[in-house]
Amino acid sequence: MFFRFPARLWFGPLIIHPSSPTTFMRHLLALATLLTVALATASAQTNITWSGGDSTFSNSARWVGGVVPANDTTSNIAVIHGEVNVVLTASRSVAGLDGSFNYFTATGGAVLTLGSAGFIGEGNVSVSLAGSGGVTTTSFLTRSGTTTYTGGPVVAGGGTLGLGHASALGTGLVTVQDGGALRSGTGESLTLTTNNAFVFQGSPDLNNLSLGTGPVSLASANSSFIVGGTVTIGGAISGTGTSILLDNQGTLILTGNSTYTHTTQLQGGVLVVNGSLASAVTAAGMVAGTGTINGATTVGIDGQLAPGATDGAGTGLLTFGSTLTLGGRNMNSVFEINGTTRGTGYDAVNVAGLTTYGGRLNLVFGSTIPDGTTLDLFGLTGGSAGSFNFVTGSGTYPGNFTNNGGVWTLFSGGQTLTFTQSTGDLVFGLAAVPEPATCAALAGLAALGLAATRRRRFTAR
């Protein structure tokens with residue numbers, strides 16, 4: 001048997017005035033009282049251990065000594081280990097829960113209130129939790145009950161917290177340690193509604209979650225996000241001397257206004273910025289969104305630039321507050337064009353600094369665009385340099401553009417499409433048709449050629 005001390009006690013300076021013995025004795029009495037309460041509380045938090053197979057929590061025969069943990073938040077820590085299923089049939093309290101089990105379930109809406117010891121362990125917990133105690137998982141823990149506890153969960157390194165309810169995290173600070181995983185436990189994307197604050201340490205593993213609008217603090221000098229499925233962070237991301245390495249095949253959507261200033265490195269997957277980033281970005285994956293990236297941005301080898309709110313799907317306007325550099329093996333810029341309104345009818349970017357072209361520009365057309373229309377694909381405030389290697393059209397206007405000194409031209413569907421790199425504009429016009437006099441001259445030349453051919457054939461006879 002062992003006991004746990006409550007939260008750390010801190011005592012301020014004890015000031016003794018020699019001229020006031022009454023005050024001195026009062027201080028000593030108060031100190032003795034605090035120590036007595038602390039020791040009594042600590043010694044009261046004794047462990048009571050589960051023994052045997054599946055049963056209800058209130059079954060005394062399943063607890064060592066035949067005593068069910070006391071129904072309060074200070075006395076007993078319930079210790080449950082083994083391949084067992086424990087059912088809570090009525091709401092109750094415990095000082096803490098320490099366990100490694102298969103399932104901890106509830107009937108009739110029963111709620112388990114945790115004291116300061118909180119919960120440490122692993123298993124599948126579908127019981128609604130309340131109280132001030134935190135939840136720490138060192139292996140795999142699934143939380144699928146509603147939660148109002150304020151302690152906030154801690155996902156230890158190597159541990160996984162699977163969430164099966166929109167309020168499964170409670171309302172407290174959520175800490176994911178280096179190597180810890182936070183993911184949806186439903187097999188589908190889960191949107192959390194409690195808007196918790198988060199602290200990410202080292203390399204968190206995130207999967208199929210929308211975290212809400214609470215702030216996110218990066219506690220390590222370099223954070224590497226491993227993202228599976230789609231993860232949305234709605235709060236501002238901050239950190240001093242911090243950079244993010246997104247190493248995954250998933251999609252990370254940022255909708256808050258993040259303030260960290262070191263580089264965001266994308267080594268696969270999709271980064272969607274629908275809020276704002278202060279940092280520079282280097283990408284070997286897709287950069288998408290309708291927000292603002294204020295740092296210098298480079299989309300390089302195997303990278304893709306695709307304005308649009310999600311995964312580049314749908315049209316949008318993406319803004320760069322510094323330079324934009326495109327290029328590298330297999331680098332593509334993909335712009336969808338479905339209408340004539342900038343940012344809604346067709347994709348576009350605004351670039352405050354120098355835009356350096358490179359790689360391939362793919363124009364995906366979903367409708368016919370009227371003659372005389374000019375689409376401002378690249379808003380070039382800071383000018384341009386370099387050149388695309390290829391410009392191609394698909395959909396309504398399929399084909400490869402031809403380059404003449406940075407002016408790319410495609411004849412398709414009776415129209416001429418012209419993209420000029422120096423302006424960033426795509427212009428639609430009628431395909432060139434010869435004047436009538438020119439047509440007559442060409443017809444005359446054709447007739448003369450035919451007559452000459454006939455004479456040669458007659459002479460040969």
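We did not get these values from a lab; they are worked out from the coordinates using the rules stated. Worth saying up front: this structure is predicted, and the values here are computed from it rather than measured. Ideal geometry is used to build each Cβ from the backbone, glycine not excepted, and the neighbour counts take in all protein chains shown.
With a sphere of radius 14 Å drawn around the Cβ of G359, what net charge do the other residues whose Cβ falls strictly inside it have (Lys, Arg +1; Asp, Glu -1)?
Values: positive: R329, R360; negative: D302.
After counting each charged neighbour, the total is +1.
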- Item | DSSP-defined beta bridges in the stretch 324-401 - what % are antiparallel, rounded to 5 | 10
- Message: Taking just the alpha-carbon atoms of the stretch 41-196, what radius of gyration and Dmax come out, in angstrom?
- Response: 14.5, 44
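Using 0.36 nm per residue of separation minus the Cα-Cα distance, give me the extension gain between D371 and S422 in nm, one decimal. Please report the intermediate quantities before stating the final value.
Working: separation 51, 0.36 × 51 = 18.36 nm, distance 2.12 nm.
Gain on extension, D371 to S422, equals 16.2 nm.
So, by mean Cβ neighbours within 10 angstrom, what's the order for 278-290, 320-332, 63-75 with the highest one leading? Could you put the intermediate results ahead of the total?
Details: 278-290: 23.2, 320-332: 18.8, 63-75: 15.8.
The densest-packed peptide leads the list: 278-290, 320-332, 63-75.
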- Item | Peptides 154-167, 387-400 ordered by average Cβ neighbours within 10 Å, highest first | 154-167, 387-400
- Item | Antiparallel content of DSSP bridges confined to the stretch 199-358, in %, to 5 | 5
- Message: Skipping prolines and chain starts, which residues have an amide H placed within reach, meaning under 5 Å, of the one on S224, given they are 5 or more residues away or on another chain?
- Response: S203, L245
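Give the calculated FRET efficiency between T150 and Q267 to the nearest 0.05, with a Förster radius of 35 Å applied to their Cβ-Cβ distance. Numbers along the way, then the final one.
Details: r = 37 Å, r/R0 = 1.06.
Efficiency computed from Cβ-Cβ geometry: 0.40.
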- Could you please report the charge total around G424, scoring K, R as +1 and D, E as -1 over all other residues with beta-carbon less than 15 angstrom from its beta-carbon? -2
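If packing is taken as the mean number of other Cβ atoms within 10 Å per residue, what is the order of 263-274, 338-349, highest first?
Working: 263-274: 21.5, 338-349: 18.8.
By packing density, highest mean first, the sequence is 263-274, 338-349.
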- Task: Search the structure for amide H atoms under 5 Å from the amide H of G395, placed 1.01 Å from N in the peptide plane, and list their residues when 5 or more places away or on another chain.
- Result: F365
- Query: How are the Cα pair distances of the stretch 235-318 distributed, in percent, across 5 Å bins from 0?
  - Reply: 4, 17, 28, 30, 17, 4, 0
- Item | Radius 14 Å from Cβ of G52, net charge of other residues (Lys, Arg +1; Asp, Glu -1) | -1
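May I ask you to compute the full-extension gain from T46 to N389, defined as 0.36 nm times their residue separation minus their alpha-carbon distance, rounded to one decimal in nm? Write out the running numbers ahead of the final one.
Values: separation 343, 0.36 × 343 = 123.48 nm, distance 7.21 nm.
Stretched fully, the T46-N389 segment lengthens by 116.3 nm.
Let me know the shape class of the stretch 309-438, please: from the alpha-carbon gyration tensor, a ≥ b ≥ c as square roots of the eigenvalues, rounded when a/c is under 1.5, otherwise prolate if a/b is greater than b/c, or oblate. It would help to have the intermediate numbers written out before the result.
Values: a/c = 1.81, a/b = 1.46, b/c = 1.24.
It comes out prolate by the Cα gyration axes.
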